Amino acid sequence: MKTSWYREPWAWLVFTLPFTAVVAGITTYIIANTNPDTLVIGEYYKKGKAINLEVSKIKNAQKLGMRFALQLTNNKLVIKPTGIEKIFPLLNITFSHPTLEEKDFYLALTPDGNGYFRHTFDHNVTGKWKITLTPFDNTFDTSWKILETINLPQNNFIDLIPDPTKAQ
C-alpha cells in the first residue's frame, strides 16, 4: 500500500527544516538592515592621527602630577583632586559609553568650598564608561588629559591617574 507523500512524517521533516532556515535568514536580514549599528567614532582616521596629541596631553598630566579620585553613589558624583595642589576653576568631564553613542554626555563642573567637584544625576548612570578629564583652560602650556575606563556606580573612591597606554 502506497500512501500520499503529504501523509509521511519524514517528508514534512525534510521540508520544514530548510523552510525554517530560509525564514530565519530573511528575518535576520530584515533586522540587520532596519537597525544598523552606530559608529561610535565617526571620523576614525582623524581620531587615529590625533592619538599622538592625546599621548602628549596625558604625559603632560603625569609631569604636572595630576590625579583625581572619583566616586558615584546614589546618583551623586564626587571628584576630588588628590595630586597637584592647584585650584581648578572648571573641570571638563566626558562620559563615553563603549557601544552606544547616544548615551555619551559631557559635564562642566565647578569646585565647591572644599575643592571637590560634585554633580547629582536625575537618572541612574551604570555600566562601563570611558571617563575623560580635561581642564577648562586648555591652552598649550596647561593642556592635560586623564583617561580612565571604569564601571559605575562606585561606592569607594577610585583613582584617576594619567596613563599614556590608555590613549586610544
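The values are calculated or read from the model by the stated rules, or taken from the named source; none is laboratory data. The structure presented is a predicted model; accordingly, all values stated were derived computationally and were not measured. Here Cβ is always computed from backbone atoms with ideal geometry, including for glycine, and neighbour counts include all displayed protein chains.
Here are the numbers for this structure:
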| read-out | value |
| --- | --- |
| Any hit, the range 34-55, residues being at pLDDT 75 or above, closer than 30 Å to residue 144 by Cβ and either touching a Leu at 6+ places or on another chain (Cβ under 9 Å) or not in a loop (DSSP other than H, G, I, E, B) (or both) | yes |
| Some residue of the range 146-163 being outside any strand (DSSP E or B) and among the aliphatic types (A, V, I, L, M) | yes |
| Residue within the range 85-92 that is crowded, with 17+ Cβ neighbours inside 10 Å and either closer than 17 Å to residue 159 by Cβ or in the same structural domain as residue 134 (by TED's automatic domain parsing) (or both) present | yes |
| Candidate set: the range 109-147, residues that are modelled with pLDDT of 85 or more and in contact with a helix residue (DSSP H, G or I) (Cβ under 7 Å, 6 or more places away or on another chain); chosen: the one nearest to residue 96 (Cα to Cα) | 147 |
| Residue list for the range 110-137, filter: more than 17 Å from residue 158 (Cα to Cα) and among the charged types (D, E, K, R) | 112, 122, 137 |
| The range 59-86, residues that are among the aliphatic types (A, V, I, L, M) and in contact with a strand residue (DSSP E or B) (Cβ under 7 Å, 6 or more places away or on another chain) | 61, 66, 69, 70, 72, 77, 78, 79 |
| Residue 69 among the small types (Gly, Ala, Ser), touching a Pro at 6+ places or on another chain (Cβ under 9 Å) and assigned to a strand (DSSP E or B) | yes |
